[in-house]
């Protein structure tokens, strides 16, 4: 008897537990959903019910879908966006016709679906994707939907949702922002597909274009940085005869991500869920920078966020209204420097790593190759530019052509971003550019040759240093006396008095120059031999042991391209190196002599010295003894000032400025400033410098160089009060999500 009673109790408990743990995710025709009750998707990801905005003090109630496990009840879809219900009187049910209706006290309908298909057993179900669907309960295929909320998105895009157009029915799915935090009714900020010619995604403010993604080029949108390597989501843009849409999917079921429009900030944001902090974290934002604003630089302008000013005319173009352009008023854009002449023949120049122009009167062909595309554009005198439509293949595929002005172009720095655009210009313009490139190449050829030679020497030095260090360790040379070591290396140790007499007590008239580690003096020994004495600065930080090791290394490394080391001198805190004297003088006596520069053979030095040499070649001025009427300081300070003022091209002497390739010239200045950074660890290696000069990869921003002689702290921008102190205040920021 007792066993039967226990069995009964256990069965009742199991039945109760089973009912309590089962979530309700459907409503049949005989059921309804009232305020205070919810549907929860089978996997527990989403809930459907009535809510009021968190910040609202009104009694307005809305039927919506939100993340079930999010304590902040983040809403992703709203049914009655325009018609709120006053109070808790809302009822959701399915009519006999199969239409879903939201009513007030079972009387007035405030929202309903437009489904016209009548079925015997209609069922409303909330899926674990966040999609609310109406289906036939007798249909075994769960993918057959009579109606779905994903076709009528609010301000949020979820994984699996399509934002785009059904070309068969012209049905347009697009996001629309909440009007404000308290009001989910549609604002004027929308996000959807632009169908003029080749489609792209566009953010609209009312009837005005606000932000465009650029063309879909196979691997992504041309105006969006490549994010395919992210660990959160994959995305795709489908474009065929029946539909055009953008969609994304998550790489793991454990992840959560959503895209939402923010009316307050006029942006489209992507958030990802952090399960540890139970918060949404910002992943990306569009527009992402100043250059994302549609048409900022006007017709035929190119927006480069890394330059000042950000708006530049495309190659072969000049400002239409120069005075306005110089005051940062760019609406007039740019026009051709030389008029086009289609009859006598125009040429096309390549603009690399850019966002495609806005699709104003474009022409596209999905199977045409780039060569055929160029021929087609050449035949049409109205064609202003062309490009590949898909760049995922080795040679690309497809053809896109633009007619009229080119608007909304943005410059990228990374080779993995943007696309190559081929722009029509006058044939005479391309010939001038070719000549300028040749001249610049001739001028920079000796510098490149010197770099390569210097790189070989550096590699040789490093190899020899490593070999010597091994020998020192194996033979335990550290325990030997300094005198024995110098005798083994056949290196002279000069007495301090000998150096004093040879240099006439380091007389100023014997001073040959001064580098980063101290001055160099000319001297004459008692036997008549001329020497050069490098007197190391006491602030160099080099200890006695380090100095000895350096002397041993240089003594054993007697390369034919290096000045021969004769000996050294150690006296108290004094550290001196004694070299053979160079009768031909230093490199500047060749660079700045109009005749001798033609017979220049390049001597070898460190990265900092190379940076100085390159600045002197570009500017045609000496670093030592540099003078400017309105400035104090040296050549480095002068060029650094021009760089921070956004006028680096002013550093080049007239011939280079007029005939040189400006991007290559600016890149050379950029590399020079990296070489003369104040701290040695911030300077690139010589092998890196060679790669920088031979590629178009993005360069790091230079910091303030070393050896600037001005008295006041240098400022990149003038401040209203030079005596005002400033400090850096590092704080942490919390992101508040505004709709």
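Listed values, structure above:
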{"quantity": "Scan of the range 637-665 for residues that are under 28 Å from the mean Cα position of the chain (by Cα) and either over 24 Å from residue 691 (Cβ atoms) or modelled with pLDDT of 85 or more (or both), ordered by number", "calculated": "639, 640, 641, 642, 643, 644, 645, 646, 647, 650"}
{"quantity": "Residue 154 being part of a strand (DSSP E or B) and closer than 20 Å to residue 52 by Cα", "calculated": "no"}
{"quantity": "Residue ID - surrounded by the fewest Cβ atoms within 10 Å (Cβ to Cβ), chosen from residues in the range 289-301 that are part of a loop (DSSP other than H, G, I, E, B) and touching a residue at least 24 places away in the same chain (Cβ under 8 Å)", "calculated": "293"}
{"quantity": "Residue selected from the range 184-231 under the condition part of a loop (DSSP other than H, G, I, E, B) and over 25 Å from residue 421 (Cβ atoms), by the criterion nearest to the chain's Cα centre (by Cα)", "calculated": "230"}
{"quantity": "Matching residues, the range 682-706, being surrounded by 15 or more Cβ atoms within 10 Å (Cβ to Cβ), within 20 Å of the chain's Cα centre (by Cα) and part of a loop (DSSP other than H, G, I, E, B)", "calculated": "699, 702"}
{"quantity": "Of all residues making up the range 316-331, the number that are under 14 Å from residue 303 (Cα atoms) and in a loop (DSSP other than H, G, I, E, B)", "calculated": "4"}
{"quantity": "Any hit, the range 507-525, residues being in a loop (DSSP other than H, G, I, E, B), farther than 24 Å from residue 603 by Cα, more than 47 Å from the chain's Cα centre (by Cα) and modelled with pLDDT of 70 or more", "calculated": "yes"}
{"quantity": "From 591, 570, residue being at pLDDT 85 or above and under 25 Å from residue 680 (Cβ atoms)", "calculated": "570"}
{"quantity": "Hits in the range 666-681 - residues which are assigned to a helix (DSSP H, G or I), farther than 21 Å from residue 308 by Cα and either over 25 Å from the mean Cα position of the chain (by Cα) or modelled with pLDDT of 85 or more (or both)", "calculated": "675, 680"}
{"quantity": "Hits in the range 96-155 - residues which are in contact (Cβ under 8 Å) with a residue 60 or more places away in the chain and buried (at least 19 other Cβ atoms within 10 Å of the Cβ)", "calculated": "122, 123, 124, 125, 126, 127, 130, 132, 149, 153, 154, 155"}
{"quantity": "Evaluation of residue 53 against (1) modelled with pLDDT of 95 or more; (2) surrounded by 19 or more Cβ atoms within 10 Å (Cβ to Cβ); (3) closer than 30 Å to residue 276 by Cβ (one fails), failing number", "calculated": "(1)"}
{"quantity": "Any chance residue 286 is in contact with a helix residue (DSSP H, G or I) (Cβ under 9 Å, 6 or more places away or on another chain), at pLDDT 90 or above and under 22 Å from residue 214 (Cα atoms)", "calculated": "yes"}
{"quantity": "Subset of the range 315-340 [in contact with a strand residue (DSSP E or B) (Cβ under 7 Å, 6 or more places away or on another chain) and either more than 21 Å from residue 294 (Cβ to Cβ) or assigned by TED's automatic domain parsing to the domain that holds residue 202 (or both)]", "calculated": "315, 316, 318, 336, 337, 338, 339, 340"}
{"quantity": "Filter pass, residue 255 being touching a strand residue (DSSP E or B) at 6+ places or on another chain (Cβ under 9 Å) and either under 30 Å from residue 662 (Cβ atoms) or assigned to a loop (DSSP other than H, G, I, E, B) (or both)", "calculated": "yes"}
{"quantity": "Residue among 164, 220, 206 that is free of Cβ contacts under 8 Å to residues at least 24 places away in the same chain, surrounded by 15 or more Cβ atoms within 10 Å (Cβ to Cβ) and out of contact with any helix residue (DSSP H, G or I) (no Cβ under 8 Å at 6 or more places or on another chain)", "calculated": "220"}
{"quantity": "Any chance residue 400 is closer than 29 Å to residue 241 by Cβ and buried (at least 23 other Cβ atoms within 10 Å of the Cβ)", "calculated": "yes"}
{"quantity": "Within the range 77-93, tally of residues that are surrounded by fewer than 21 Cβ atoms within 10 Å (Cβ to Cβ) and not in a loop (DSSP other than H, G, I, E, B)", "calculated": "3"}
{"quantity": "Residue check for residue 295: more than 17 Å from residue 223 (Cα to Cα) and at pLDDT below 95", "calculated": "no"}
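Yes/no matrix, rows are residues, columns are (1) closer than 21 Å to residue 426 by Cβ; (2) modelled with pLDDT of 90 or more; (3) within 26 Å of the chain's Cα centre (by Cα):
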| position | (1), (2), (3) |
| --- | --- |
| 312 | yes, yes, yes |
| 323 | no, yes, no |
| 337 | yes, yes, no |
| 358 | no, no, yes |
| 368 | no, yes, no |
| 386 | yes, yes, yes |
| 389 | no, no, yes |
| 400 | no, yes, yes |
| 406 | yes, yes, yes |
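The values are calculated or read from the model by the stated rules, or taken from the named source; none is laboratory data. Every value quoted in this text rests on a predicted model; they were computed, and no experiment measured them. Cβ coordinates were reconstructed from backbone atoms using ideal geometry, including for glycine residues, and neighbour counts include every protein chain displayed.
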